[in-house]
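Derivation of every value follows stated rules applied to the coordinates shown; laboratory data play no part. On a predicted model such as this, the values are computed, not experimentally measured, just so you know. Cβ sites come from the backbone with ideal geometry, for glycine too, and all protein chains shown count toward neighbours.
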Amino acid sequence: MSFDFSYKLPTPKEIKEMYPVSDRIKNNKVVMDKELLDIFSGKDDRFIVIIGPCSADNEDSVLKYLSLLKGVEEAVKEKLYIIARIYTNKPRTTGEGYMGMVHQPDPEKDPDLLNGIVMIRDLHMKAMRDYMIPIADEMLYPENYRYLDDVLSYVAVGARSVENQQHRLVASGIPVPVGMKNPTSGTLRVMLNSIYAAQHGHNFIFRGWDVTTSGNPYAHAILRGYENKHGNMMPNYHYEDLMLLYSMYKEAGLKNPAVIVDANHANSGKRYMEQIRIVKEVLHLRQQSTELKSLVKGVMIESYIEEGNQAIGCENFVYGRSITDPCLGFKDSEKLLYEMADLI
């Protein structure tokens with residue numbers, strides 16, 4: 001029962017000095033960030049699609065996936081605003097299992113946090129350099145955000161982190177949209193409290209500094225389903241769920257009411273093919289209600305090159321297939337994206 005301090009990691013400033021972003025990336029990110037903020041504020045009516053692997057487990061296959069996604073993005077960009085899901089941290093309910101590239105650059109080897117930090121920065125920079133698609137990652141560790149803040153256009157706070165005070169406070173200083181997932185219990189009030197906290201300024205300790213934030217008016221909700229007291233997965237993307245959230249938003253007086261619907265996780269019961277139906281249902285609901293059209297800004301889709309999932313190091317390991325939650329394959333994802341553009 002003790003801490004073993006192995007070695008001190010470089011600060012974000014030191015890592016950025018060793019691995020700086022180019023002026024081209026900086027300039028393109030400014031443009032992309034403004035476009036995304038315009039969508040959340042209602043100035044741009046494009047529909048957001050945050051899509052990519054459950055976990056970015058391999059640099060080569062993630063970049064291959066992005067090369068496929070870029071072709072679709074070019075064709076649908078008038079209707080859809082595609083954000084590449086490059087999640088390099090993997091939350092684990094019990095603390096066991098693969099915890100993402102930041103912990104294990106090689107999923108079959110021991111943790112290597114220093115190499116992991118370098119690798120995730122390198123991956124995000126290559127994604128921006130080669131494909132110029134806005135990038136999303138999950139803020140599993142608030143203190144790690146600064147390693148990637150100059151390349152991320154979207155940040156998600158997971159269902160197990162949304163009640164954490166430090167996540168809420170750090171989100172209040174992030175200059176891009178931050179999505180707050182509903183907790184695994186499904187209680188919307190907890191999520192809205194988190195959004196309220198993130199939308200207001202705070203003074204707190206962060207990375208050994210006394211910091212003050214101004215608040216993030218683009219903090220918003222993500223509905224991902226929940227588990228009831230019997231452990232059954234329950235969806236929360238239906239009309240009644242969305243209208244309830246709309247009314248709670250109004251009651252709370254929050255800025256820029258918005259929700260992203262996570263089509264996988266408890267909403268799909270982790271049946272990855274159900275994402276196709278769920279996305280289409282969400283688009284249909286937006287057409288039935290002006291309130292929901294203004295509220296529902298987009299969806300999250302878990303997608304990789306090959307469908308399904310597999311165990312780490314399994315026999316007949318398949319390149320581009322998830323080693324965590326099951327994902328849509330790219331062929332189905334491509335078809336869905338084109339259908340979405342037609343439906344909007």
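A count restricted to region 58-78 and to residues that are farther than 18 Å from Val299 by Cα and either among the polar types (S, T, N, Q) or part of a loop (DSSP other than H, G, I, E, B) (or both) stands at 3.
Does Arg224 qualify as being surrounded by fewer than 18 Cβ atoms within 10 Å (Cβ to Cβ) and either aromatic (Phe, Trp, Tyr) or closer than 20 Å to Ala266 by Cβ (or both)? Against the criterion (surrounded by fewer than 18 Cβ atoms within 10 Å (Cβ to Cβ) and either aromatic (Phe, Trp, Tyr) or closer than 20 Å to Ala266 by Cβ (or both)), Arg224 does not qualify.
Residues that are surrounded by fewer than 19 Cβ atoms within 10 Å (Cβ to Cβ), of a type outside the set (Lys, Arg) and at negative phi within region 227-241 comprise Glu227, Asn228, His230, Asn232, Met233, Met234, His238, Tyr239, Glu240, listed in sequence order. Being assigned to a loop (DSSP other than H, G, I, E, B), of a type in the set (D, E, K, R) and more than 24 Å from Leu328 (Cβ to Cβ) is a property that Asp4 has.
Give me the residue from region 85-119 that is of a type in the set (Lys, Arg) and surrounded by fewer than 17 Cβ atoms within 10 Å (Cβ to Cβ) and, out of that set, farthest from the chain's Cα centre (by Cα). That would be Lys109. Would you be able to say whether some residue in region 162-182 is out of contact with any Cys (no Cβ under 7 Å at 6 or more places or on another chain), surrounded by fewer than 15 Cβ atoms within 10 Å (Cβ to Cβ), basic (Lys, Arg) and in contact (Cβ under 8 Å) with a residue 12 or more places away in the chain? Looking through region 162-182, none of the residues is out of contact with any Cys (no Cβ under 7 Å at 6 or more places or on another chain), surrounded by fewer than 15 Cβ atoms within 10 Å (Cβ to Cβ), basic (Lys, Arg) and in contact (Cβ under 8 Å) with a residue 12 or more places away in the chain.
How about region 79-93: which of its residues are assigned to a loop (DSSP other than H, G, I, E, B) and either within 29 Å of Asn144 (Cα to Cα) or free of Cβ contacts under 8 Å to residues at least 60 places away in the same chain (or both)? Full working, then the answer.
Of all residues in region 79-93, those assigned to a loop (DSSP other than H, G, I, E, B) come to 79, 86-93.
Within region 79-93, Ile86, Tyr87, Thr88, Asn89, Lys90, Pro91, Arg92, Thr93 qualify.
Quick check on region 10-19. Is at least one of its residues of a type in the set (S, T, N, Q) and not in a loop (DSSP other than H, G, I, E, B)? Within region 10-19 (the criterion being of a type in the set (S, T, N, Q) and not in a loop (DSSP other than H, G, I, E, B)), the answer is no, since none of the residues qualifies. Against the numbered list (1) within 25 Å of Lys34 (Cβ to Cβ); (2) surrounded by 16 or more Cβ atoms within 10 Å (Cβ to Cβ); (3) touching a strand residue (DSSP E or B) at 6+ places or on another chain (Cβ under 6 Å), Thr212 comes up short only at (2). Suppose the filter is in a helix (DSSP H, G or I), hydroxyl-bearing (Ser, Thr, Tyr) and within 20 Å of the chain's Cα centre (by Cα); does Ser55 pass it? It is false that Ser55 is in a helix (DSSP H, G or I), hydroxyl-bearing (Ser, Thr, Tyr) and within 20 Å of the chain's Cα centre (by Cα).
The number of residues in region 42-62 that are within 22 Å of Met340 (Cβ to Cβ), surrounded by fewer than 19 Cβ atoms within 10 Å (Cβ to Cβ) and in contact (Cβ under 8 Å) with a residue 60 or more places away in the chain comes to 1. Looking only at residues in region 194-203 that are more than 17 Å from the chain's Cα centre (by Cα) and touching a residue at least 12 places away in the same chain (Cβ under 8 Å), which one is farthest from Ala219 (Cα to Cα)? So, considering only residues that are more than 17 Å from the chain's Cα centre (by Cα) and touching a residue at least 12 places away in the same chain (Cβ under 8 Å), the one farthest from Ala219 (Cα to Cα) is His202. The residues listed here are Leu80, Leu37; of these, the one that is over 20 Å from Arg321 (Cβ atoms), touching a Pro at 6+ places or on another chain (Cβ under 9 Å) and hydrophobic (A, V, I, L, M, F, W, C) is Leu37.
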